[in-house]
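Input: a single structure, listed below in structure tokens.
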Amino acid sequence: MSRGRFRPAGAALAALLLAGCAQLTAPAEHPAAGEPARGVGHDSDQGGDQDSDEGRNLPPVVDHVRTTDPVVFLTYDDSAERDPRFAGLIRERRLPVTLFLTDTVAGPAYGDFARLRSVGASLQNHTLDHRSLRGLPYAGQRAEICGQQTKLKSRFGVRPHLFRPPHGTYDTTTLRAAADCGITAVVLWRATLDADGALTYTRGDDRLHPGDIVAVDPDHPTGAGLTARTERLLKTIEEQGLRVGKLENYV
């Protein structure tokens, strides 16, 4: 989100944004494309008997989707953008972007998100307060995830089925809580577009591949603007023979 155009109400929320989604780091786990998570911190599972998860359908954790379609997926965390250029870009290019929202960060700008949704953006879950979930008890993780499900349902009339854990960190308890809140997939990222417009990769070679999920960093005062960075990214995507796909159609 653009620091110069969107300011959360109060210094506490600004501090949360700087500490939370201001920089996307590599996720703690790198699951195989489209595969359920394996070995994601069972020692941190404080929500009950670990054996109770045997045979249970937990949501898969994905940073890449297995597909032969020439598509990649653009995702933004709390990137509220009051600049009409960004909404205009989504409308003009018919971009099916996915926005993962934290209530305490994005809440003051839900009106802007409603406008982005009206031009094609999908709104998904990023918790109530942007707490790092890994290691928290089940009740706390469920409150963060289900609480934001309720908020988004109340505000926008939609109940998200995708979830991105803050900082990309999670454990088995996260997956259990997410499943109980109606989440069908936990979404990480294989590539990040940083505040300067550079693409970095969490694994594999340094290029985009069909099915890659790209996380776009929020704006930084010294970096390029969100709209300009997205436009340059679109050019890169097109040069590689790819296009932007709708993530919700694949997971």
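Per-residue answers, yes or no, for (1) over 22 Å from Trp189 (Cβ atoms); (2) more than 15 Å from the chain's Cα centre (by Cα); (3) crowded, with 17+ Cβ neighbours inside 10 Å; (4) not aliphatic (A, V, I, L, M):
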| residue | (1), (2), (3), (4) |
| --- | --- |
| Arg66 | no, yes, no, yes |
| Asp78 | no, no, yes, yes |
| Thr102 | no, no, yes, yes |
| Ala106 | no, no, yes, no |
| Asp129 | no, no, no, yes |
| Gly140 | yes, yes, no, yes |
| Ala143 | yes, yes, yes, no |
| Gly168 | no, no, yes, yes |
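The single condition among (1) within 18 Å of Thr75 (Cβ to Cβ); (2) crowded, with 23+ Cβ neighbours inside 10 Å; (3) small (Gly, Ala, Ser); (4) touching a residue at least 60 places away in the same chain (Cβ under 8 Å) that Ala177 does not meet is (1).
The selection criterion, being farther than 19 Å from Thr75 by Cβ, modelled with pLDDT of 95 or more and in a loop (DSSP other than H, G, I, E, B), holds for Gly182. Can you tell me which residue is modelled with the highest pLDDT among those in the range 116-162 that are within 25 Å of Pro84 (Cβ to Cβ) and assigned to a loop (DSSP other than H, G, I, E, B)? Filtering first and then ranking leaves His126. In the condition set (1) under 19 Å from Phe100 (Cβ atoms); (2) surrounded by fewer than 21 Cβ atoms within 10 Å (Cβ to Cβ); (3) at pLDDT below 95, Glu248 is compliant with all but (3). For residues that are surrounded by 24 or more Cβ atoms within 10 Å (Cβ to Cβ) and either assigned to a helix (DSSP H, G or I) or of a type in the set (Gly, Ala, Ser) (or both), tally how many sit in the range 215-229. Going through the range 215-229 one residue at a time, the tally reaches 2.
The values are calculated or read from the model by the stated rules, or taken from the named source; none is laboratory data. Since this is a predicted model, take the numbers as computed values, not measurements. Because the Cβ atoms are built from the backbone with ideal geometry, glycine has one as well, and the counts that use them run over all protein chains shown.
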